[in-house]
Amino acid sequence: MNKTTKIIIGLVIIILIAWFFSERQKPAGTDTLKVGAILPLTGPAAVLGEPMKKGLELALKMVDQIEVLYEDSKALPADGVSAYQRLVAAKVDVMVSAYSGVSVPLTKLALQNKLPLIMSIVAADNVTNEYAYRYYAKPSSYATPAFTDSVSPLGSVTELAVLYRNDEYGNSVKDVLTAVAKEHQKNILISEAFPVNETDFSTVLTKVKAAKPQALLFIAGTPVEAVGILKKADELKLNTILVETSAILSDPAVQKQAPAISYYTTAFRFSLPEDNLEFKKQYTEVYGTSPNFGAAFGYDIGTFIADCVEDPAGIQACLSQTTAVSGLTGEIGNITNHEINPPMFLVKVN
């Protein structure tokens, strides 16, 4: 071994020793946790995706150890899967996603990659697994209040129509609606699906009108769909009780786009005008617009992740061991099977 080789080996040993001691002296929790967020930031679903992003940012504003990498899914499954693969390549530690159509395909990838996935605005059925968490309502949470809430108009109603978005989410809620209607001895005269992002409800609502139901229960996925159904129902003079079982119309900003007719909608606690006033004020001051429930779920998910960032057991173990959370969307206890489901209720508008 010549002198030059000995010098090089010596320098390598010194560098390795220095690195070893620097790592041992590094305080716990100083490593950056990388979050990959796959949200609809453009297109019709951005009305919930963009506020969810802003809510997430507010929750993590003061947490230095967390970095968020955003991808735009446009609420399209193919775009969501492509975004997931890019974020895996970027070596994120946990994923966040929104909308059933995007999130359902990602649950299998989460399990395959053993990479935690926290989903919201996802009401499809049976979506959680060892690595997939739902921080949102289940299909039953959407469907049941229409029949059981104290303000429900369906007490003496026996004949219903159901109109639903034709995707995983819409079909899941529709299936629960059908089952609950049967339990309450209601007859569904007509059940019709409409395409995702539909804008013309003339044909389907003409069919509904011809069936003469006492109440129409409808499941929308975007404000365009929900408002479009109300406008066409008003235009056709559909003489029936209107009940939205998807919470889209619980947003005051969306209600302003709807015709001034009476209807019911499911809602989260956050949507009450007197609820979470401090957060709503802070959000409005920062972003110049009022938050909807998408912002609330973004914030709560950010807090959920932040609470685990310094857990020595790691992010997956911490998330899995959480049995109760308290957030803008409500107090949620007895968490099992990775289901974090806030309560919902029915409200009357106009």
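The values are calculated or read from the model by the stated rules, or taken from the named source; none is laboratory data. What you see is a predicted model, and the numbers here were worked out from it, not measured in a lab. Cβ sites come from the backbone with ideal geometry, for glycine too, and all protein chains shown count toward neighbours.
Might you let me know whether region 221-230 holds any residue that is hydrophobic (A, V, I, L, M, F, W, C), touching a helix residue (DSSP H, G or I) at 6+ places or on another chain (Cβ under 9 Å) and closer than 13 Å to VAL162 by Cβ? Among the residues of region 221-230, at least one is hydrophobic (A, V, I, L, M, F, W, C), touching a helix residue (DSSP H, G or I) at 6+ places or on another chain (Cβ under 9 Å) and closer than 13 Å to VAL162 by Cβ, which makes the answer yes. Within region 269-288, restricting attention to residues that are more than 20 Å from PRO342 (Cα to Cα) and touching a residue at least 12 places away in the same chain (Cβ under 8 Å), the residue that is surrounded by the most Cβ atoms within 10 Å (Cβ to Cβ) is TYR283.
Show the residue pairs that are 6+ apart or on different chains and have beta-carbon atoms under 7 Å apart, the first residue being within region 323-344 and acidic (Asp, Glu), the second being in a strand (DSSP E or B). Pairs found: GLU339/ARG134. Checking region 57-64 against the condition returns no match, with no residue being assigned by TED's automatic domain parsing to the domain that holds ILE305, within 30 Å of LYS209 (Cα to Cα) and either without any contact (Cβ under 8 Å) to a residue 60 or more places away in the chain or buried (at least 20 other Cβ atoms within 10 Å of the Cβ) (or both).
Put simply, of SER100, SER120 the only residue that is polar (S, T, N, Q), modelled with pLDDT of 95 or more and either in the same structural domain as TYR264 (by TED's automatic domain parsing) or surrounded by 24 or more Cβ atoms within 10 Å (Cβ to Cβ) (or both) is SER120. In the set (1) assigned to a strand (DSSP E or B); (2) buried (at least 17 other Cβ atoms within 10 Å of the Cβ), the condition left unmet by LYS348 is number (2).
Residues satisfying the criterion are present in region 13-34 (criterion: polar (S, T, N, Q), within 30 Å of ALA110 (Cβ to Cβ) and at pLDDT below 90). As a summary of the residue check, TYR263 satisfies the conditions (1) hydroxyl-bearing (Ser, Thr, Tyr); (2) closer than 29 Å to THR148 by Cα; (3) outside the structural domain of GLU159 (by TED's automatic domain parsing) except for the one numbered (3). So for region 200-218 (the condition being outside any loop (DSSP other than H, G, I, E, B) and modelled with pLDDT under 95), does at least one residue qualify? No, region 200-218 contains no residue that is outside any loop (DSSP other than H, G, I, E, B) and modelled with pLDDT under 95. Within region 219-250, restricting attention to residues that are among the β-branched types (Val, Ile, Thr) and in a loop (DSSP other than H, G, I, E, B), the residue that is surrounded by the most Cβ atoms within 10 Å (Cβ to Cβ) is THR245. Apart from one condition, SER82 fits all of (1) more than 19 Å from THR323 (Cα to Cα); (2) at pLDDT below 95; the exception is (2). Residues that are surrounded by fewer than 23 Cβ atoms within 10 Å (Cβ to Cβ), closer than 30 Å to PHE297 by Cα, outside the structural domain of ALA324 (by TED's automatic domain parsing) and not aliphatic (A, V, I, L, M): does region 152-164 have at least one? Within region 152-164, one or more residues are surrounded by fewer than 23 Cβ atoms within 10 Å (Cβ to Cβ), closer than 30 Å to PHE297 by Cα, outside the structural domain of ALA324 (by TED's automatic domain parsing) and not aliphatic (A, V, I, L, M). Using beta carbons and a limit of 7 Å, which pairs, at least six apart or on different chains, have the first residue in region 212-229 and in the same structural domain as PRO195 (by TED's automatic domain parsing) and without any contact (Cβ under 8 Å) to a residue 40 or more places away in the chain and the second one part of a loop (DSSP other than H, G, I, E, B) and among the aliphatic types (A, V, I, L, M)? Sorted first by the residue in region 212-229, then by its partner, the pairs are ALA226/ALA220; VAL227/ALA258.
How about region 167-212: which of its residues are among the polar types (S, T, N, Q), under 16 Å from LEU154 (Cβ atoms) and surrounded by fewer than 13 Cβ atoms within 10 Å (Cβ to Cβ)? Those that are among the polar types (S, T, N, Q), under 16 Å from LEU154 (Cβ atoms) and surrounded by fewer than 13 Cβ atoms within 10 Å (Cβ to Cβ): GLN185, ASN187. The single residue among ALA313, ALA317, ALA253 that is modelled with pLDDT under 95, surrounded by fewer than 15 Cβ atoms within 10 Å (Cβ to Cβ) and assigned to a helix (DSSP H, G or I) turns out to be ALA253.
Okay, residues lined up against (1) within 22 Å of VAL102 (Cβ to Cβ); (2) in contact with a strand residue (DSSP E or B) (Cβ under 7 Å, 6 or more places away or on another chain):
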residue: ALA137; (1), (2): yes, yes
residue: TYR142; (1), (2): yes, yes
residue: PRO145; (1), (2): no, yes
residue: SER152; (1), (2): no, yes
residue: GLU168; (1), (2): yes, no
residue: ASP200; (1), (2): no, no
